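No value in this document is a laboratory result; all are computed from the given coordinates. Bear in mind the structure is a predicted one, so any value in this text is a computation, not a measurement. So basically every Cβ, Gly included, is an ideal-geometry build from the backbone, and we count neighbours across all protein chains shown.
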Amino acid sequence: MPAALAAVVLGVAACGTDGPDAARPVPNDASDGSITVFAAASLTAPFTELAGQFEAAYPGSQVTLNFAGSSDLVGQLSEGAPADVFASADEESMAKVAEADLLADEPVAFATNTLQLAVPSDNPAGITSLEDAARPGVKVVVCAERVPCGALAARLQAAADVDLVPVSEESSVTDVLGKVTSGQADAGLVYVTDVRTAGAAVRGIGIREAGSAVNTYPIAALADSASPATAQEFVEFASGPVGRAVLGAAGFGAP
Amino acid sequence: MHPRPARPRSAAAGAETARVPRWVVAVAVVGGLFVLLPIAAMALRVDWPRFLPLVSSDSAQAALLLSLRTSLTATALCVVVGVPMALVLARTSFRGQQLVRSLVLLPLVLPPVVGGIALLYTFGRRGLLGSTLGTLGIDIAFSTTAVVMAQTFVALPFLVLSLEGALRTVGTRYEAVGATLGADRWTVLRRITLPLVLPALVSGAVLSFARALGEFGATLTFAGSLEGTTRTLPLEVYLQRETDPDAAVALSLILVVVAVVVVGIAHRVRPLGALRAAPGGSARPPGGHGRLP
């Protein structure tokens, strides 16, 4: 019985992987133009458009996109997920990938993002500034300080000399936005680009000191890429004029 | 690798396994490994020298205490509400009962985040009841109450399900005898029905507690996440994973240990209930058995 069991287990294991030699073409094989791009969730809309434009500009290339929170992507990459390009929403996540020796090249800063106050479209608490959000009784939601958008929110509060008393510290900026769009919260600190994505459900309220808490998005080709040439071209495309235009339209700033 | 165990050593067990084809056993073992391996893999990843500091950090302690507090409250609510629900479902008959039973079990199969959205649209500030509650001065948004509500919502079916099943299994014979001897409904319920199904009530409550403890999606959607107020242990694990995966794994292991203990208790209690119900089985009045699911 143990032998039969081992055979079954090995059989299952063999089905699970494609075999180390079969799937990947020889490195530096320029004929294969398909790449997988791991990008931060906040880049979903602009990178989907950018990938289409890239495929049009480089015939024969094919871009597969994988969006998730930056730290999730770092986790996937360090566990060996196959990818060719990594675009992160913060420099810390990129630094972790660099420390793990997974980068082919130095990362390039290609976009910036700042914070805004999102309020429900009818603005029930009548908020017009960051100071308003700090009033007692106002239900304001931010990211937890342990995640990038929360660290940025803390920097912003320090720069503006405002102390928010949040009713909730969410793990992700989408959860903050969700609390605002559903009307549970009176205000939430989110990225400018999130306010754009949310459309009519929320209103964005600019913050004077937003410029003192800027988030920089780096992009880099990965060392294990099967199509290093295409990966490099995509990095240049995203950080070049086309990328700047698409990202600018989505609300991102220039680095 | 190993020689086969000598046959006589487990003659009784051998007689039982002989009835199942070997490939069935093999598939079952693979299935078991599929469940156990990930748990083992997680245990292997625990940073043991740092385990104690990791699980005793302030935020971890706050999350653990909040989780225990809210889960116990949710379990109590499940018992208070769930026992009458199970009694009505098992001991009365009314039009649409089958439908009601299915609907009551809905939270069991709903993705928790959907439960959270449903609660949000009911009790949220702009929900069906939320605005009425708001004018009464009751605001449960981002409060510990919201956590307890989310936990009760997902845990209630476990209690109703196990208790209703037990009520149907024990049948109504003893209750009928009690009634003919002059006991009123409340006495029958208190002295006959509830003692008979007590083991099922305990195991149902334990399962509800476990479900409440593991609640994540509905809490995240409905209650938010603030240390000491709404950030329960699963939410703390989710947040820690972003920055300190070691801490997340250590806290996960605590939840696994609690789950194992809970499942152990529930299984120790349940067979007892089955045994006690068995003698009545042969003399069960008709109807009590026929509608078993």
Specify which residue in the list A:VAL190, B:SER208, B:LEU163 is farthest towards the positive end of the charge dipole of the protein assembly as shown, using unit charges on the beta carbon of Lys, Arg (+1) and Asp, Glu (-1), about the Cα centre. B:LEU163
Acute angle (nearest 10 degrees) that the helix A:44-57 long axis makes with the longest principal axis of chain A, alpha-carbon atoms: 50 degrees
Can you tell me the relative contact order of the range A:108-192? Whole percent, Cα pairs under 8 Å, sequence separation 6 or more. 44 percent
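Rounded to the nearest 20 debye, what is the charge dipole size of chain B about its Cα centre when +1 sits on each Lys and Arg Cβ and -1 on each Asp and Glu Cβ?
Dipole size: approximately 1440 debye.
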I'd like the mean, over residues of B:233-239, of how many other protein chain beta carbons sit within 10 Å of each residue's own Cβ. 2
Using only the Cα atoms of the range B:52-277, build the gyration tensor, take square roots of its eigenvalues as a ≥ b ≥ c, and label the shape rounded, prolate or oblate: rounded if a/c is under 1.5, else prolate if a/b is larger than b/c, else oblate. oblate
Please figure out what share of the DSSP beta bridges in the range A:102-255 is antiparallel and state it in percent, rounded to the nearest 5. 75 percent
Across peptide B:63-69, what mean number of C-beta atoms from other chains lies inside 10 Å of a residue's C-beta? 0
Shape call for the protein assembly as shown, from the Cα gyration tensor axes a ≥ b ≥ c (a/c under 1.5 means rounded, otherwise prolate when a/b beats b/c, else oblate), comes out oblate
Shielding by partners for A:144-150, please: the mean number of other protein chain Cβ atoms within 10 Å of each residue's Cβ. 3
If every Lys and Arg gets +1 and every Asp and Glu gets -1 at its Cβ, then about the Cα centre the protein assembly as shown yields a dipole, in debye to the nearest 20, of 4300 debye
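Once whole DSSP H runs in chain B are found, which of them have Cα atoms spread over 30 Å or more along the helix axis and a mean Kyte-Doolittle score of at least 0.5?
Both cut-offs are met by B:22-45, B:58-91, B:144-170, B:245-281.
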Using a 10 Å cut-off on Cβ atoms, rank the peptides B:32-45, A:104-117 from the highest mean neighbour count down. A:104-117, B:32-45
Considering only DSSP beta bridges where both residues belong to the protein assembly as shown, give the percentage that are antiparallel (nearest 5). 55 percent
Using helices alone, I'd like the mean residue ellipticity at 222 nm for the protein assembly as shown: each DSSP H run of four-plus residues gives -39500 (n - 2.57), total over residue count, nearest 500. -18000 deg cm²/dmol
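Tell me, what is the percent relative contact order of the range B:52-277, built from C-alpha pairs under 8 Å that lie six or more residues apart?
Over the range B:52-277, the number comes to 32 percent.
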Projected onto the charge dipole of the protein assembly as shown (unit charges on the beta-carbon of Lys, Arg, Asp and Glu, signs +1, +1, -1, -1), the Cα from A:ALA81, B:GLY96, A:GLY248 with the largest positive-side position is that of B:GLY96
For a test of the definition: using alpha carbon positions, the gyration tensor, and the 1.5 limit on a/c, classify chain A as rounded, prolate or oblate. prolate
